[in-house]
Amino acid sequence: MPFVNVKLVKGQITSDQRQDIIAGLTELIVKVMGRERELIVIILDELEKINGPSAVKPLNRQRIMPERYPS
């Protein structure tokens, strides 16, 4: 059973956008992994905005899967 947990800043998306994200991620998992739609769990957590700088560096597809995304 695929389990996806997405963390978003609170108030940044509408209810319709929330449903679109869930639907899009579900479709992606069905297409890529071949899983049954009924077995997929998608959770969107809306977190309070953190004031201050973030030490997190954005991920780069080429860095994660260089064989799939050559430079």
Pull out all pairs, ordered by first then second residue, where Cβ-Cβ is under 9 Å, the residues are six or more apart or on different chains, the first lies in region 1-24 and is under 13 Å from residue 46 (Cα atoms), and the second is among the basic types (Lys, Arg). 8/18; 9/49; 10/49; 11/49; 12/49
Kindly provide the set of residues from region 1-47 that are in a strand (DSSP E or B) and of a type outside the set (A, V, I, L, M, F, W, C), ordered by number. 5, 7, 45, 46
Working carefully through the options 37, 18, 68, find the one that is loosely packed, with under 10 Cβ neighbours inside 10 Å, modelled with pLDDT of 80 or more and of a type outside the set (S, T, N, Q). 37
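The values are calculated or read from the model by the stated rules, or taken from the named source; none is laboratory data. Being a predicted model, the structure only gives us computed values, none of them experimental. Note that each Cβ is placed from the backbone with ideal geometry, even for glycine, and that neighbours are counted across all protein chains shown.
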